[in-house]
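The structure under discussion appears below in the form of structure tokens.
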Amino acid sequence: MQFMKMKLLAALAVGATAMPAMAAPLFGVTYAGDFSPTAINNAGQVVGRIAGQTVLYSGSGLSVLGGSNMVVTGINDAATVVGYQTSPTGVRQAFIQSDGTLTNIGGASVEVGDLSINNAGQVAGSFGVGGDQRHGFVYQNGTLTDLNPGQPAPFEGSATAINNQGQIVGTAGEYSWTATPVIYANGTTTPLANSHPDGYQMYANGISDNGDILLQGRYGPSMVTESFVYSNGVLTNIGAFSGIDINKSSLVVGTDYLGGGTAQLWDNGTLYNLNSLIDPASGWYLQSAVGINDSNQIAAFGCRTTGALECGTLILSAQGVSAVPEPTTYAMMLGGLVMLGFMARRRRAARPAA
């Protein structure tokens, strides 16, 4: 623990000296509390964990959602959350929780990984179906639907993210390491063409409301992690980092885990260290980014030294530009980050009609 603290203090010192002061940081930083974030919704509410408890931040403080055996992995705009509880035998039971009422998804033996929920209350996830097989599912109004029915063993299916149009992304294939990214929509499973480069293990991590898909690939003996955006049938490698979330403006956030961890933002062809886009005078060093909403708010985890080491969840909010910036500030914001909303409107206008 002492070694990790020394590494973190060193990273904070390097961050403080390596990033020059900027006239107008792109993101403002709000400290949400001493907890680790897992997801953010469009209202800026963040779920996470602290000291064995699952908590919700809603702008004015933290409320407890559950105890040590509960992990929340998704939240929609109505603050309905999804996640899983782990039994003493290690079985992970999926649940949905709304207004304090917790409802199990499926039977007691359902095993799940991360779950995703949209604003219609549809939940996407993965569950064991006997033996070593795993299938994707969608759940709504008490009904769980298998997305990979009738598949003979061996088979590995998953459903990892759902958007507000009800489109679900995941993988499907004979084995997890050869599975192909797919999209589930209107009762049909469609492999994503040209989404599985040779030599890569590919996974789907997210899908935006405009249908862009965030993929993650691992390559080579060392299993180097790279992230990809799949848009209109085109696969684009966006960098050697772990992309976690994508919003309707096709902005991607994630983490570069080398060197102790650094929060990353990908925007329109350029990958940024998020620490270079906040005011260095704040003292915060952003180690990871776990979610981005459609208002370009980012849920991140970071630390700073204010006499003592302080860590917790940070909400990054894009700063408005009220006047023509100074030349140095203007240059800093170019390359895809000049007013995120403006760039998003340009990309949406250029997108071909479906």
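The values are calculated or read from the model by the stated rules, or taken from the named source; none is laboratory data. All figures in this text were calculated on a predicted structure; none of them were measured in a lab. Here the Cβ is made from the backbone with ideal geometry for all residues, glycine too, and neighbour counts use every protein chain on show. Accessible surface is based on the protein model in full, side chains and every heavy atom, while ligands, DNA and RNA are left aside. Shrake-Rupley method; radii C 1.70, N 1.55, O 1.52, S 1.80 Å.
Looking at Ala172, Ala161 in this structure, which one is touching a strand residue (DSSP E or B) at 6+ places or on another chain (Cβ under 6 Å), assigned to a strand (DSSP E or B) and more than 30 Å from Asp267 (Cβ to Cβ)?
Ala172
A quick yes/no check of all residues on (1) within 30 Å of Thr145 (Cα to Cα); (2) at pLDDT 95 or above; (3) of a type in the set (A, V, I, L, M, F, W, C); (4) touching a helix residue (DSSP H, G or I) at 6+ places or on another chain (Cβ under 9 Å):
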| position | (1), (2), (3), (4) |
| --- | --- |
| Ser176 | yes, no, no, no |
| Leu192 | yes, yes, yes, no |
| Asn237 | no, yes, no, no |
| Asp245 | yes, yes, no, no |
| Tyr257 | no, no, no, no |
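If we only count strands (runs of 3 or more DSSP E) wholly inside segment 67-157, which ones have 2 or more residues that are among the hydrophobic types (A, V, I, L, M, F, W, C) and closer than 22 Å to Ile244 by Cβ?
70-75, 81-86, 92-98, 123-128, 134-140
Can you tell which of Gly130, Gly136, Gly166 is more than 24 Å from the chain's Cα centre (by Cα) and open to solvent by less than 60 Å² (accessible area, probe 1.4 Å)?
Gly130
Collect the residues in segment 74-85 that are under 15 Å from Val290 (Cβ atoms) and modelled with pLDDT under 95, keeping them in residue-number order.
Gly83
Among the listed residues Thr171, Thr188, Thr180, which satisfies the condition of being within 18 Å of the chain's Cα centre (by Cα) and either modelled with pLDDT of 95 or more or not hydrophobic (A, V, I, L, M, F, W, C) (or both)?
None of the others qualify; the one that does is Thr171.
Can you tell me which residue is surrounded by the most Cβ atoms within 10 Å (Cβ to Cβ) among those in segment 239-277 that are in a loop (DSSP other than H, G, I, E, B) and aliphatic (A, V, I, L, M)?
Within segment 239-277, the match that is surrounded by the most Cβ atoms within 10 Å (Cβ to Cβ) is Leu251.
Sort out which residues of segment 261-282 are touching a residue at least 60 places away in the same chain (Cβ under 8 Å) and of a type in the set (Val, Ile, Thr), and write them in order of number.
Listed by number, the residues that qualify are Thr270, Ile278.
Got a number for residues in segment 30-60 being part of a loop (DSSP other than H, G, I, E, B), of a type outside the set (A, V, I, L, M, F, W, C), open to solvent by 30 Å² or more (accessible area, probe 1.4 Å) and within 26 Å of Gly283 (Cα to Cα)?
Number of matching residues: 5.
Is there a residue in segment 139-148 that is buried (at least 19 other Cβ atoms within 10 Å of the Cβ) and within 25 Å of Asn42 (Cα to Cα)?
yes
Within segment 184-213, can you find the residues that are of a type in the set (Val, Ile, Thr) and either within 25 Å of Ala289 (Cβ to Cβ) or free of Cβ contacts under 8 Å to residues at least 24 places away in the same chain (or both)?
Residues satisfying the conditions are Thr188, Thr190, Ile207, Ile213.
Does segment 100-117 contain any residue that is in contact (Cβ under 8 Å) with a residue 40 or more places away in the chain and either touching an Asp or Glu at 6+ places or on another chain (Cβ under 7 Å) or of a type in the set (Lys, Arg) (or both)?
No; the residues of segment 100-117 include none that is in contact (Cβ under 8 Å) with a residue 40 or more places away in the chain and either touching an Asp or Glu at 6+ places or on another chain (Cβ under 7 Å) or of a type in the set (Lys, Arg) (or both).
Can you tell me which residue in segment 280-293 is nearest to Thr306 (Cα to Cα), limited to those that are at pLDDT 95 or above and out of contact with any helix residue (DSSP H, G or I) (no Cβ under 9 Å at 6 or more places or on another chain)?
Residue satisfying both the conditions and the ranking: Ser288.
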